[in-house]
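Accompanying notes for the structure given below.
The values are calculated or read from the model by the stated rules, or taken from the named source; none is laboratory data. Note that the coordinates shown come from a computational prediction; the quantities given were computed from them, not determined experimentally. Reconstructed Cβ throughout: ideal geometry from the backbone, glycine too, with neighbour counts over all protein chains shown.
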Amino acid sequence: MLVLLRLAFASLKSRAVTTSLTVFSIALSVLLLVGVDRIRQGTQEGFSGTLSQTDLVVGARGGSLPLLLYSVFHIGTASNDISYASYEHFRDHPAVQWTIPFSMGDSHRGYRVVATDDNFYEHYRYHRDHSIAFTDGTRPEGIFEAAIGSEVAQRLGYHVGSKMVLSHGLETVSLLKHADKPFTVVGVLAHTATPVDRTIYITLYGDEAMHIDWQDGTPPAPGEEIPASKIRKEDLHIKDVSAFLVRTRSRVDTLLLQREINTYRNEPLTAIIPALTLQELWSMLGYADVALSLVSGAVLIVGLLAMLIALYTALNERRKEVAVLRAIGFHARQIFILFVMESALISAVGTALGLAAAYVLLWALRSSVEAQFGIPLAMVGISSRVSIYICVVVLAGALLGCVPAIRAYRNGLIDGLNAQ
Amino acid sequence: MSAVHLQNVSFAYERNAPLLQVGELLIEEGERVFLHGPSGSGKTTLLGIVAGVLRATTGSVRVLGKDLSHMSPAARDRHRGAEMGYIFQSFNLIPYLSVRENIALPCHVHARRMKRITASTLDGEVARIAERLDIEEFLHRPVTKLSTGQQQRVAIARAVIGAPRLVIADEPTSSLDRDRQENFLRLLIEVCNEARATLIFVSHDNSLMSRFERHISVSEINRANATQVHSC
């Protein structure tokens with residue numbers, strides 16, 4: 001056996017170029033498999049990390065998915081608003097640690113405007129424990145002040161001091177503009193790789209002030225507008241919010257409070273646990289995951305085929321070698337083992353190299369990937385999926401080695417000792 | 001004792017089309033036999049049976065005291081490796097091993113050949129044989145850098161290391177020029193004598209015959225060929 005192993009090594013070494021090319025192609029396949037696996041897991045983590053440390057999302061009675069979509073991803077609209085009285089009731093609930101109210105409905109050049117309060121800057125968390133930070137300026141305090149997400153700032157070229165006119169409704173080209181009440185950018189938020197980047201944040205008072213002279217969803221008639229300069233915070237009464245986030249004091253509180261909100265008599269409300277709904281949403285997006293896995297699987301097959309071709313083409317030159325080994329007293333089975341051993345060695349070395357390369361790359365790129373795409377690439381050990389890949393690659397390599405091995409075995413018998 | 005004793009041996013891949021039929025073939029230990037015959041006469045098949053690569057379809061095959069017809073393929077392979085040295089016409093060497101490793105290989109694979117070396121170490125034995133065959137200067141060279149004549153001498157070294165009791169040389173001189181043939185044959189016979197090994201030398205070149213004490217024509221002993229010719 002030891003002799004065979006030494007022969008296998010020497011034989012592979014003598015075909016250094018083919019061997020290293022084959023090892024390289026297998027390493028590349030494994031690198032891709034592991035890379036895709038990491039990115040897949042990172043994407044999922046990044047996605048579920050869109051909102052962290054929030055136990056409940058509360059909105060008007062409706063489906064859990066639409067609620068999550070409009071409150072967290074700013075997709076679609078709320079079916080109804082929640083009265084501010086109900087919001088206050090739960091804000092002051094003994095089981096509640098903090099709440100973040102959101103009021104939506106306006107936009108600016110395609111970007112959503114979300115009215116919220118200081119709790120957002122204080123408590124909002126994403127990707128486990130990241131909080132909202134500013135690259136420039138401060139949180140909006142005044143009625144007509146706004147903070148903008150990093151993408152808004154970049155795309156629209158806004159900076160602290162820029163003025164913007166918000167539009168009523170969500171259309172990019174809106175007919176109804178709050179032209180009389182422009183907002184000033186006072187803060188630019190740091191990049192989060194979440195929907196926060198594409199959002200403009202104003203205060204709840206600002207939202208109320210924009211609509212102070214509106215009646216039943218229609219703008220004031222000409223001459224009846226109340227000029228921005230005459231509006232003071234004290235005059236504004238917040239009437240409703242679109243949704244709010246809740247952090248409870250304990251896990252048990254979460255479930256009890258969810259039940260309490262869902263059965264709240266004064267107003268029909270829905271409370272969802274965002275982690276669960278995010279999970280649900282991700283599983284609907286699962287086909288992308290499948291596609292990625294299929295592509296990496298195909299790459300692996302190509303890599304293994306390259307090895308098969310390399311082993312097979314070497315086979316004809318090796319007929320004489322097989323005859324010599326038979327003459328020295330090697331059994332046909334030992335020659336079979338020699339060939340399988342060579343392919344197993346190639347795939348094992350290729351796999352090890354690919355794994356090493358994958359982890360080095362992950363280590364080198366993870367901070368920039370996370371900053372750029374919001375995909376956290378955890379430097380965890382080998383996941384169960386990856387360890388299955390490794391086993392499959394080495395096993396498939398050894399199995400593929402059987403193909404030329406069977407040929408060599410047959411040739412060995414046919415040629416006998418007399419291959420010339 | 002006999003080195004090779006074949007009785008009523010026949011070999012066929014297909015029924016009714018025997019390639020070899022031998023009534024009796026007896027080669028005594030220590031004999032130097034010249035086996036000749038035109039191509040297609042059954043030389044290759046006969047060698048395959050003696051070496052234990054092929055199994056006789058019928059009859060008894062005794063080689064160096066063992067009945068090959070009743071041994072498993074693996075046991076026949078072991079028997080061949082431990083007791084026989086084999087030299088081909090060309091391409092005798094494993095291309096990815098050095099000359100030294102090629103010569104030493106049978107001793108690595110077979111403990112019995114390792115035990116029979118006369119020097120105290122395997123390296124010493126390889127050096128001794130290499131010196132005897134005048135190839136010591138190539139020992140550390142890669143095989144591919146050797147001329148055909150040099151390769152064939154390395155093949156002798158590998159065949160006789162560990163003193164096998166039977167050396168089979170299958171047309172070993174046909175890729176050499178006349179001068180080298182003489183030289184090769186002289187060396188081969190000498191080292192086989194020194195190792196007290198039986199030598200079966202196969203060739204279609206009858207000019208080499210004179211150096212051997214016994215000549216066997218395969219076409220004469222193979223009755224299958226005769227019947228085949230008639231049937232054709």
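Looking at the stretch A:233-342, what helices (runs of 4 or more DSSP H) fall wholly within it and have at least 1 residues that are aromatic (Phe, Trp, Tyr)?
Of the helices (runs of 4 or more DSSP H) lying wholly inside the stretch A:233-342, those with at least 1 residues that are aromatic (Phe, Trp, Tyr) span A:274-284, A:286-317.
With the condition kept exactly as written, say whether any residue in the stretch A:125-141 is crowded, with 21+ Cβ neighbours inside 10 Å, more than 25 Å from the chain's Cα centre (by Cα) and in contact (Cβ under 8 Å) with a residue 40 or more places away in the chain. There is at least one residue in the stretch A:125-141 that is crowded, with 21+ Cβ neighbours inside 10 Å, more than 25 Å from the chain's Cα centre (by Cα) and in contact (Cβ under 8 Å) with a residue 40 or more places away in the chain. Of all the listed residues (A:Gly286, A:Gly354), the sole one being out of contact with any Asp or Glu (no Cβ under 6 Å at 6 or more places or on another chain), of a type in the set (Gly, Ala, Ser) and closer than 27 Å to A:Leu12 by Cα is A:Gly354.
I need a count of the residues in the stretch A:17-29 that are under 29 Å from A:Leu362 (Cβ atoms) and either touching a Leu at 6+ places or on another chain (Cβ under 6 Å) or within 14 Å of chain B (Cβ to nearest Cβ) (or both).
As a first pass, look at the stretch A:17-29 and keep what is under 29 Å from A:Leu362 (Cβ atoms): A:19-29.
Add one more test, that the residue is either touching a Leu at 6+ places or on another chain (Cβ under 6 Å) or within 14 Å of chain B (Cβ to nearest Cβ) (or both), and what stays is A:19, A:27, A:29.
Adding up the residues that qualify gives 3.
For B:Leu97, are the conditions met, namely being of a type outside the set (Ser, Thr, Tyr), facing chain A (nearest Cβ under 9 Å) and over 18 Å from the mean Cα position of the chain (by Cα)? For B:Leu97, the condition - of a type outside the set (Ser, Thr, Tyr), facing chain A (nearest Cβ under 9 Å) and over 18 Å from the mean Cα position of the chain (by Cα) - is met. Here is a check on your reading of the model: is B:Leu68 in contact with a strand residue (DSSP E or B) (Cβ under 9 Å, 6 or more places away or on another chain) and free of Cβ contacts under 8 Å to residues at least 24 places away in the same chain? Criteria met by B:Leu68. Residues in the stretch A:180-199 that are in contact with a Gly (Cβ under 7 Å, 6 or more places away or on another chain) and of a type in the set (Gly, Ala, Ser) were compared, and the one that is nearest to A:Phe47 (Cα to Cα) is A:Ala193. State whether the residues of the stretch A:24-44 include one that is charged (D, E, K, R), surrounded by fewer than 21 Cβ atoms within 10 Å (Cβ to Cβ) and at pLDDT 90 or above. For the stretch A:24-44, residues charged (D, E, K, R), surrounded by fewer than 21 Cβ atoms within 10 Å (Cβ to Cβ) and at pLDDT 90 or above: absent.
Go through the stretch B:44-78 and report how many residues are of a type outside the set (Gly, Ala, Ser) and more than 14 Å from chain A (Cβ to nearest Cβ). Explain how you work it out, then say what you get.
Going residue by residue through the stretch B:44-78, those that are of a type outside the set (Gly, Ala, Ser) are B:44-47, B:49-50, B:53-55, B:57-58, B:61-64, B:66-68, B:70-71, B:73, B:76-78.
Now restrict to residues that are more than 14 Å from chain A (Cβ to nearest Cβ): B:57-58, B:61-62, B:67, B:70.
The qualifying residues number 6.
Of the listed requirements (1) surrounded by fewer than 17 Cβ atoms within 10 Å (Cβ to Cβ); (2) away from every other protein chain (no Cβ under 13 Å), B:Leu146 misses just one: (1). Take the residues in the stretch A:299-336 that are among the small types (Gly, Ala, Ser) and more than 8 Å from every other protein chain (Cβ to nearest Cβ); name whichever of them is nearest to A:Val392 (Cα to Cα). Checking each candidate, the answer is A:Gly303. Note on the stretch B:48-63: among residues that are β-branched (Val, Ile, Thr) and assigned to a loop (DSSP other than H, G, I, E, B), the one that is surrounded by the most Cβ atoms within 10 Å (Cβ to Cβ) is B:Val53.
Scanning the stretch B:104-119 for residues that are at the interface with chain A (Cβ under 10 Å from one of its Cβ atoms) and in a loop (DSSP other than H, G, I, E, B) returns a single hit, B:His110. Here B:Ser41 passes the criteria (1) away from chain A (no Cβ under 13 Å); (2) not in a loop (DSSP other than H, G, I, E, B) except the one numbered (2). State whether one or more residues within the stretch B:92-103 are in a helix (DSSP H, G or I), free of Cβ contacts under 8 Å to residues at least 24 places away in the same chain and more than 23 Å from B:Phe11 (Cβ to Cβ). Scanning the stretch B:92-103, I find at least one residue that is in a helix (DSSP H, G or I), free of Cβ contacts under 8 Å to residues at least 24 places away in the same chain and more than 23 Å from B:Phe11 (Cβ to Cβ), so the answer is yes.
Inspect the stretch A:31-43 for any residue being in a strand (DSSP E or B) and under 29 Å from the mean Cα position of the chain (by Cα) and give the result as yes or no. Can you show your working first?
Taking the stretch A:31-43 as the starting set, the residues that turn out to be in a strand (DSSP E or B) are none.
Checked against the condition, which is being in a strand (DSSP E or B) and under 29 Å from the mean Cα position of the chain (by Cα), the stretch A:31-43 yields no hits at all.
When we screen A:Arg410, A:Arg385 for residues that are at pLDDT below 80, away from every other protein chain (no Cβ under 14 Å) and in a helix (DSSP H, G or I), the only hit is A:Arg385. Of all residues in the stretch A:314-333, those being free of Cβ contacts under 8 Å to residues at least 12 places away in the same chain and β-branched (Val, Ile, Thr) number 2.
With a requirement of 2 or more residues that are among the β-branched types (Val, Ile, Thr), the strands (runs of 3 or more DSSP E) lying completely within the stretch B:124-232 that satisfy it span B:166-170, B:198-202. Scanning the stretch B:18-38 for residues that are in a loop (DSSP other than H, G, I, E, B) and without any contact (Cβ under 8 Å) to a residue 60 or more places away in the chain returns no hits.
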